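The values are calculated or read from the model by the stated rules, or taken from the named source; none is laboratory data. None of the values given here were measured: they were computed from a predicted structure. Ideal geometry is used to build each Cβ from the backbone, glycine not excepted, and the neighbour counts take in all protein chains shown. To get the accessible areas, we keep the full protein, side chains included, count just its heavy atoms, and leave off ligands, DNA and RNA. Shrake-Rupley method; radii C 1.70, N 1.55, O 1.52, S 1.80 Å.
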Amino acid sequence: MTYQLHYWPTIQGRGEFVRLALEAAGAEYVDVAREPAGRGGGEAALGRRLSDLDNPRASFAPPFLVDGDIVVGQTAAILLYLGPRLGLAGTGERDALWTHQLQLTIADVVAEAHDAHHPISVGDYYEDQREAAQARAKCFREERIPKYLDWFERVLQRNPAGDLHLVGDSLTYADLSLFQLVAGLRYAFPKATSRALARTPAVVKLHANIARRQRVREYLQSARRIAFNEEGIFRCYPELDG
């Protein structure tokens, strides 16, 4: 059965971590809100799902995945569900749990990256909280980006199967998500991220290896890959990069 991914149609955001897993695995899926309304797509279809009063387990917000009668919300939970089905969760329960833990840590970084430009209120414009954002971003770029990337570097170096993957000796969704995290940080904080990556060669190598994978490369070059922009999580405001 074809998976249905529900996410905003104009940004990568948190939905991109799910898209990358589906694309890398060659899974059949529909990015519902990017489909024409005449085929049951568009943002209206996403909204109907969220506000369905007959669904006792409606998601709080996108992304959410529909697989038959199963609906899963929250990026990490979606990937926990998809991982074994797509062959992207390692081997056995220990690998699956470790992959999930890595994904939750990536979610932490993503939340901090968002809060760097919206530290006070999600409902207000960046311009309304610029001063607070500059203070928050300074901490994020000088302390948090290096701390997170250094940790992922250690995970790669300590992997008994080698430093090509975060978990075991095969691709997992955690590898794909770290690729996306690095891409987003490079877009939003190019100078700070460059400094941090200079000390984390295994992270750089993983990012490059993921980009070279055939299905990922084809996806990145296709119209299905939405460009980074200043509506998503990773936003390029030069004044926040120091």
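I need the semi-axes of the equivalent ellipsoid of the range 165-207: take the C-alpha gyration tensor, multiply each eigenvalue by 5, square-root it, list largest first in whole angstrom.
Values: eigenvalues 83, 27, 5 Å².
Ellipsoid half-lengths, sorted descending, are 20, 12, 5 Å.
Picking from 31, 115, 54, which is most flexible by a Gaussian network model of the chain using Cα springs under 10 Å?
54
Rounded to a whole number, what % of the accessible area of the chain do carbon and sulfur atoms account for, probe 1.4 Å? Mind showing how you got there, number by number?
Working: 6010 of 11950 Å².
Roughly 50 percent, rounded to a whole number.
Based solely on C-alpha atoms, express the radius of gyration and the Dmax of the range 44-84 in angstrom.
Reported Rg and Dmax, both Å: 10.3, 31.
With +1 assigned to the C-beta of every Lys and Arg and -1 to the C-beta of every Asp and Glu, and no other charges, what is the dipole magnitude of the chain about the Cα centre in debye, to the nearest 20? Let's see the in-between values first.
On the way: 29 positive and 31 negative charges, 145 e Å.
I would put it at about 700 debye.
Rg to Rh for the range 99-214: what is it, with Cα atoms only and Rh by Kirkwood?
Numbers: Rg = 15.0 Å, Rh = 14.8 Å.
Dividing the radius of gyration by the Kirkwood radius yields 1.01.
Residue by residue, what Karplus-based ³J(HN,Hα) values in Hz, rounded to whole numbers, does the range 189-196 have, using 6.51, -1.76 and 1.60 with θ = phi - 60° and x for Gly and Pro?
Per-residue couplings from phi come out as 10, x, 6, 5, 5, 4, 5, 5 Hz.
Using Cα-only point scatterers and the Debye equation, what is log10 of I(q)/I(0) for the range 173-242 at each q in 0.17, 0.21 Å⁻¹, rounded to two decimals?
Evaluating at q = 0.17, 0.21 Å⁻¹ gives log10 I(q)/I(0) of -0.68, -0.98.
Can you compute the modelled spin-label distance between residue 131 and residue 225, with each label point 7 Å from Cα toward Cβ, in nm?
Here the answer is 4.1 nm between the modelled labels.
Could you order peptides 150-160, 201-211 by the average number of other Cβ atoms within 10 Å of their residues, highest first? Working shown, then result.
On the way: 150-160: 15.2, 201-211: 17.2.
By packing density, highest mean first, the sequence is 201-211, 150-160.
What number in nm² do you get for the range 1-128 if you take the convex hull of its Cα atoms and divide its surface by four? Each step should come with its number before you reach the end.
Working: hull surface 37.1 nm².
The Cα convex hull of the range 1-128, projected and averaged over all directions, gives 9.3 nm².
So for the chain, what are the equivalent ellipsoid semi-axes in whole Å, largest first, each being the square root of 5 times an eigenvalue of the Cα gyration tensor? Mind showing how you got there, number by number?
Details: eigenvalues 151, 121, 49 Å².
Equivalent ellipsoid semi-axes, largest first: 27, 25, 16 Å.
Output ³J(HN,Hα) for the range 120-126: one whole-Hz value per residue in order, computed from phi by the Karplus curve 6.51 cos²θ - 1.76 cosθ + 1.60 with θ = phi - 60°, and x for Gly and Pro.
Taking θ as phi minus 60°, the curve returns 9, 8, 5, x, 9, 5, 4 Hz for the range 120-126.
Run the numbers for residue 170 and residue 111: contour at 0.36 nm per residue of separation, minus the present Cα-Cα distance, in nm.
That pair, residue 170 and residue 111, stretches by 18.5 nm at full extension.
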